[in-house]
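Reviewing the structure listed below.
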Amino acid sequence: MADKKIYEKPIITKHQSGMINKFGSSPITTPKTEIDGVPVKDLVEQFGSPVFVMSEKQIRNNLKNAVRIFKTRYPKVQFAWSYKTNYLNAICSVYHQEGSWAEVVSGFEYEKARNLGVDGKHIIFNGPDKSEEDLTRAIKEKAKIHIDHADELYKIIELCDKLNLKADVAIRVNMDTGIYPKWDRFGFNYENGEAWQALKRIVISDKLNLIGLHTHIGTYMMTADAYRVAANKLVKLAKNLNDQFDIKLDYIDLGGGFASKNTLIGQYLPAEEVVPTMEQFADAITSEMLEFASTPDEMPTLILETGRALIDDAGYLITKVLATKRLSTGKRSIVIDAGVNLLFTSFWYKHKILPAQQSSVQSENATIYGPLCMNIDVIRDDITLPALKKDDLLVIHYVGAYEVTQWMQFITLRPNVVMVMEDGSVEIIRDKEVVEDIVRKERLPEKLKKFKL
């Protein structure tokens, strides 16, 4: 006997016959029933809902493609995985297996990289908050320390004197690249001469070994030309160091910030139509790098700390419908079991969301809410979806970047994170939380242990 069809309350959708018009055509939603060949329903049955799913194959393909694009344009390229983007051990290990160094911005991330077996010489240590303990370890282990401010510069000189060691250092440079507001909080400014002054202080110190220049001009950059400007200015600094002090840098680091396939809230066109391609970013950067010297031996290595663009499309969040209801305005609302505590990026992305099962052709605008008892728990404010019912599954796309580093335990516990391996098997790479995980760090004073209600 065929399954009984779901009753759907009639709605009126305005259409206009003839040529295409502002009402468009009736949307057709193609369900996302599997991830790398593994059925979505099987993933939920085995690992629960919600569940984050990462694709090993997509991660490796993304990095290999980026390396190919840059190395066909410039002879010396080194990628460094941005730990703050996603620092789960399994994720970092995939990038390291593919040849990426580690780029970290805290002592915590530095420790994770070392625990995974990354040598200090293959760690780029960024960020404004490096403790004396962090700096001491980085100096001893020959990490590449990117100096963020003058106080840090003086502290490193002091530590090197105490340790009787030389530190391998670079400076972070902020600059005007035509993108506003400018990212001038981090590093030393190019335009006012602060960066050049910092470089001269490093050069005259016998405790520091100047090996590179670094900039990170912004996040989710929507133009490749800003990188052309940034590369041009760093190349000029490098040439000045060569001309005035006969210093040949090992590398120039253009940081990260490349946009991914996610569409920003308020952005009219989908990301695929407006975000620069990896080829465009590569052309902009390498065209300026090639101006540095005439032979490959004289060229510094180009380091890239790309994060979001290499992993966003390798991550999915599977979630279950808890309820559907009508708001007072008559608009449909869908309540799911994943909230903004797990999907922090929903505050600035219009995530692509698809049903995981065949649905009705009848579509309607809806708001998707999470399960949290707070009004701002909105996953998508306005999205066209077919009729859904309780326990239906949805797949939220492009959540590989920043979700598991910015998520928080609030009201609900954090779920399993799994990886679909290249051979089609599925591995848990982070276990779901239980109450004991949360209360383990708590301390209950003796006088508060007993009460009577």
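By the count of neighbouring beta-carbon atoms within 10 Å, fewest first, 52, 344 end up ordered 344, 52.
3J(HN,Hα) couplings calculated from phi for segment 296-311 with the Karplus curve 6.51 cos²θ - 1.76 cosθ + 1.60 (θ = phi - 60°) are, in sequence order, x, 4, 8, 7, x, 5, 8, 9, 10, 10, 4, x, 3, 5, 9, 9 Hz; Gly and Pro show x.
Rounded to the nearest 5, what is the percent of antiparallel bridges among the DSSP beta bridges in segment 318-394?
Numbers: 14 of 18 bridges.
Within segment 318-394, antiparallel bridges account for around 80 percent of the total.
Which pairs in the list 32/325; 32/352; 142/207; 84/112; 155/200; 41/390 are over 18 Å apart, alpha-carbon to alpha-carbon? Let's see the in-between values first.
Values: 32/325 23 Å; 32/352 11 Å; 142/207 13 Å; 84/112 11 Å; 155/200 16 Å; 41/390 14 Å.
Table pairs above 18 Å Cα-Cα are 32/325.
Based on the alpha-carbon gyration tensor of segment 81-132 and its eigenvalue square roots a ≥ b ≥ c, which shape applies: rounded if a/c is under 1.5, prolate if not and a/b is larger than b/c, or oblate?
Numbers: a/c = 1.87, a/b = 1.60, b/c = 1.17.
Prolate shape, in that a/c is at least 1.5 and a/b is the bigger ratio.
With neighbours defined as other Cβ atoms within 10 Å of a residue's Cβ, the residues 81, 101 order from fewest to most as 101, 81.
First check a/c for segment 204-246, with a ≥ b ≥ c the square roots of the eigenvalues of its C-alpha gyration tensor; if it is under 1.5, answer rounded, and if not, answer prolate when a/b is larger than b/c or oblate otherwise. Before the final figure, lay out each step's value.
On the way: a/c = 5.55, a/b = 2.04, b/c = 2.73.
Oblate, since a/c reaches 1.5 and b/c is not below a/b.
Give me the Å³ per residue figure for the convex hull around the C-alpha atoms of segment 55-312. Kindly include the intermediate steps, with their values, before the conclusion.
Values: hull volume 31.9 nm³, N = 258.
Each residue corresponds to 124 Å³ of Cα convex hull volume.
Normalised Debye scattering of segment 227-292 at q = 0.15, 0.22 Å⁻¹ gives log10 I(q)/I(0) of -0.58, -0.91, counting only Cα atoms as equal scatterers and leaving out solvent.
Put simply, the amide H of residue 430, placed in the peptide plane, has neighbours under 5 Å in 417, leaving out anything fewer than 5 places away on its chain. The equivalent ellipsoid of segment 246-329 has semi-axes of 43, 15, 10 Å, largest first, where each one is the square root of 5 times an eigenvalue of the Cα gyration tensor.
Globularity index of segment 79-178 is 1.08 (Cα radius of gyration / 2.2 N^0.38 Å, N = number of residues).
May I ask you to compute the full-extension gain from residue 65 to residue 242, defined as 0.36 nm times their residue separation minus their alpha-carbon distance, rounded to one decimal in nm? Don't skip to the end; give the middle numbers.
Working: separation 177, 0.36 × 177 = 63.72 nm, distance 3.30 nm.
60.4 nm is the gain from fully extending residue 65 to residue 242.
Along segment 368-375 the Karplus relation, 6.51 cos²θ - 1.76 cosθ + 1.60 evaluated at θ = phi - 60°, assigns HN-Hα couplings of 9, 10, x, x, 6, 7, 7, 5 Hz to successive residues, with x for each Gly and Pro. Be a star and scan segment 188-221 for residues whose amide nitrogen sits under 18 Å from the point 7 Å along the Cα-to-Cβ vector of residue 182. Under 18 Å, as judged by backbone N against the label point of residue 182, lie 188-199, 214-219 of segment 188-221.
Of the trypsin sites (Lys or Arg not before Pro) in segment 286-334, the ones in a loop by DSSP (not H, G, I, E or B) with at most 13 other beta carbons within 10 Å are 331. Normalised by 2.2 N^0.38 Å, where N is the number of residues, the alpha-carbon radius of gyration of the chain equals 1.13. By the count of other C-beta atoms within 10 Å, a proxy for reagent exposure, 289, 421 are ordered fewest to most as 421, 289. Relative protection proxy for 438-444, 157-163, 257-263, from highest mean packing down: 257-263, 157-163, 438-444 (other beta-carbon atoms within 10 angstrom). If both residues of a DSSP beta bridge must be in the chain, then about 45% of such bridges are antiparallel. Ordering of 273-280, 195-202 by packing is 195-202, 273-280, highest average first (other Cβ atoms within 10 Å, averaged per residue).
Couplings 3J(HN,Hα) of segment 48-54, computed from phi: x, 10, x, 8, 7, 10, 10 Hz, in residue order, whole Hz [Karplus 6.51 cos²θ - 1.76 cosθ + 1.60, θ = phi - 60°; x for Gly and Pro].
Every read-out reported here was derived from the displayed coordinates using simple, explicitly stated rules and does not represent laboratory data. Since the model is a prediction, treat every value here as computed from it, not as a measurement. Neighbour counts are summed over all protein chains in view; Cβ atoms, including those assigned to glycine, are modelled from backbone coordinates with ideal geometry.
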